[in-house]
Amino acid sequence: MKSRFKYRIYPTSGQKHQLAKLFGCVRVVWNDSLACCQEKYKLGENKPTNSELQKLFIT
């Protein structure tokens, strides 16, 4: 049986700012890795592995 939990957080204004920065960075990394995968697909190459994507886009 699987269970699910639902949480609600109430961040302070400083925490809201830090979360916005974090999610902005995550979005950039996701979009860059997605573009890389799409380009490889167009060229007929194999999709890069997760470890290859991490080496390319996560600093």
(request) For residues that are farther than 18 Å from THR59 by Cα, under 14 Å from the mean Cα position of the chain (by Cα) and either exposed (fewer than 11 other Cβ atoms within 10 Å of the Cβ) or among the small types (Gly, Ala, Ser) (or both), tally how many sit in the range 5-30. (result) 1
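With the requirement that a residue be β-branched (Val, Ile, Thr) and either at pLDDT below 95 or part of a helix (DSSP H, G or I) (or both), what does the range 10-27 give you? Steps first, please.
Taking the range 10-27 first, the residues β-branched (Val, Ile, Thr) are 12, 26.
Scanning the range 10-27 gives a single hit, VAL26.
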(request) Would you confirm whether any residue within the range 31-51 is acidic (Asp, Glu) and either outside any helix (DSSP H, G or I) or over 21 Å from the mean Cα position of the chain (by Cα) (or both)? (result) yes
(request) Could you grab the pairs with beta carbons closer than 8 Å, sequence gap of 6+ or different chains, first residue in the range 23-46 and at negative phi, second one among the β-branched types (Val, Ile, Thr) and surrounded by fewer than 11 Cβ atoms within 10 Å (Cβ to Cβ)? (result) VAL29/ILE58
(request) Considering each residue of the range 47-59, count those that are without any contact (Cβ under 8 Å) to a residue 24 or more places away in the chain and either in contact with a His (Cβ under 9 Å, 6 or more places away or on another chain) or among the β-branched types (Val, Ile, Thr) (or both), and give that number. (result) 2
(request) Spot the failing condition for MET1; the list is (1) assigned to a loop (DSSP other than H, G, I, E, B); (2) surrounded by 11 or more Cβ atoms within 10 Å (Cβ to Cβ); (3) among the aliphatic types (A, V, I, L, M), and only one is missed. (result) (2)
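The values are calculated or read from the model by the stated rules, or taken from the named source; none is laboratory data. Since the model is a prediction, treat every value here as computed from it, not as a measurement. Here the Cβ is made from the backbone with ideal geometry for all residues, glycine too, and neighbour counts use every protein chain on show.
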